[in-house]
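Written out below as C-alpha cells is the structure these notes cover.
Taken together, the values in this text are just the output of simple stated rules run on the coordinates, not laboratory data. None of the values given here were measured: they were computed from a predicted structure. Cβ sites come from the backbone with ideal geometry, for glycine too, and all protein chains shown count toward neighbours.
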Amino acid sequence: MTFREFYPHYLAAHRHPLNRAIHYIGAMTALASFVAAVVVGRPAIFVVAVVSVYSILWLSHLLVEHNTPLTLKGGWRMVVMSMCGEFYMTWRFLTRRMRSDLERFGLNR
C-alpha cells in the first residue's frame, strides 16, 4: 500500500475534530522535542517526549474517536505510515487544506 492509498484510511481513523486537534498538538510537540534534543545534545528528551505523546494520542483514539490506533494494527510498516500520516495531516491543517481533504474523502462531520 502506498501512502496515497493509506491516507484516506488514516483520515477516516481521525474523523473527530478533537482527536485531530490532539494529534496536531502531538505532532508539533514531537517535532519541538526533536529540535530540543538536537540542540541540547540529549536524545533522551526526544525519546521521553515521543513515548508521552503517543500515549496521549492512543488515549485520544480510545476516549474520543472510539477506535484502535492504526499503529497497533500492522507492524512496523503501519507505524511508519501512521507517523507520516500524522505529520502530513498536521501540515494540511497548518496550510488550511484539511477541510478539503475531509470533503474529498467524504469524511467531513
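Being loosely packed, with under 15 Cβ neighbours inside 10 Å and either free of Cβ contacts under 8 Å to residues at least 12 places away in the same chain or more than 10 Å from the chain's Cα centre (by Cα) (or both) is the filter here, so list the residues in segment 68-93 that pass it.
Thr68, Leu72, Lys73, Gly74, Gly75, Trp76, Arg77, Val80, Trp91
Could you tell me whether Phe3 is touching a residue at least 24 places away in the same chain (Cβ under 8 Å) and either in contact with a Gly (Cβ under 8 Å, 6 or more places away or on another chain) or surrounded by 17 or more Cβ atoms within 10 Å (Cβ to Cβ) (or both)?
Spelling it out, Phe3 is indeed touching a residue at least 24 places away in the same chain (Cβ under 8 Å) and either in contact with a Gly (Cβ under 8 Å, 6 or more places away or on another chain) or surrounded by 17 or more Cβ atoms within 10 Å (Cβ to Cβ) (or both).
Please pick out the residue among Val64, Val51 that is farther than 26 Å from Pro8 by Cβ and over 13 Å from the mean Cα position of the chain (by Cα).
On inspection, the qualifying residue turns out to be Val51.
Can you work out which of the residues in segment 38-67 that are closer than 23 Å to Leu107 by Cα and among the polar types (S, T, N, Q) is surrounded by the fewest Cβ atoms within 10 Å (Cβ to Cβ)?
For segment 38-67, the residue satisfying everything is Asn67.
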